[in-house]
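**Q** Quick one: the structure is below, questions incoming.
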Amino acid sequence: MVPTLKQAQGLADVIILRQMNCNSPPMHFDDILKLIWKTCLVQFNRGVFGLRDHVTDEVLQYLLSFPYLTTSEDIQDYYTFCAESTNPKVQGNKVTHRNSAWWAHKVSYPWLLISLNRFLSHMDKRHWDLTPNNTNPIEGSHAQDNQIKPTSRPLLKAILLAKDLDAQTARIIEEMVASGVLENPNNSLQARFKLKAQRQARAQEKRRTSDAELITRKESRNLQSKMKATQQENEDLRKQIALLIQASGSIPPSTPQRPLPVASSSRLCEIR
């Protein structure tokens, strides 16, 4: 959540500078963020899941429930539970264990928990409901935008390029509405980029498959070579054994064992 904290504080600093330039009444940046900031739930949940190995499943689910609490009593119970927790990974000390204790980190920023809960937020509820609860769609589009629009541009030029792209998109929409003919989606830059990425992925998969088959054939040839070498070694050993037998002469036959004498029937009777 460190990037979120830096972004939030940077936004508050910009607003404070504008207030100073406009001679507006000064506001503390914490109060500003309570009015305008909504923290990404994905990042909040990621921090809670980091406690998975240190708390029970029941506690984990309770910690995840904070953004959905709707009464002062429930929120106060949540605060009390976290503050009185004996688990150092959950509570800790907000001064000495700020980075290692989850709750101490949250309460060290007065605006952070407020920006996660609709009931606590000072933002207009209509604005809260219209604002997405995570930034993944926007962040996920950065890579695609960078493929469509050039990067490493000066700020003003980048803004103008984005403006031109928006104007082109608006023109296409107006033409579609006026003519009733939809644009071929496969001709857009986004579609071309997507198709290009798909082709590259298929080519890479084909190369991986070819490499795997090549490795399999190579291993098969190596095994066949080893088998032939083993067979040759066995054949050489048989020849050496035959030569040793010839050099040592014929092997004398083994002496047959003499059968044991069998007692006569009369002798058997005496024994009985």
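The values are calculated or read from the model by the stated rules, or taken from the named source; none is laboratory data. From a predicted model like this one, the values you see are computed outputs, not experimental measurements. Every residue, glycine among them, receives a Cβ derived from its backbone with ideal geometry; neighbour counts consider all protein chains shown.
Conditions (1) at pLDDT below 80; (2) buried (at least 17 other Cβ atoms within 10 Å of the Cβ); (3) part of a loop (DSSP other than H, G, I, E, B), marked per residue:
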{"site": "V14", "(1), (2), (3)": "yes, no, no"}
{"site": "T39", "(1), (2), (3)": "no, yes, yes"}
{"site": "N45", "(1), (2), (3)": "no, no, no"}
{"site": "Y62", "(1), (2), (3)": "no, no, no"}
{"site": "E73", "(1), (2), (3)": "no, no, no"}
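**Q** Considering only the range 105-119, state which residues are crowded, with 17+ Cβ neighbours inside 10 Å, free of Cβ contacts under 8 Å to residues at least 60 places away in the same chain and in contact with a helix residue (DSSP H, G or I) (Cβ under 7 Å, 6 or more places away or on another chain).
**A** Listed by number, the residues that qualify are L113, N117.
**Q** I'd like the residue in the range 133-191 that is hydroxyl-bearing (S, T, Y) and part of a helix (DSSP H, G or I) and, out of all such residues, is modelled with the lowest pLDDT.
**A** T169
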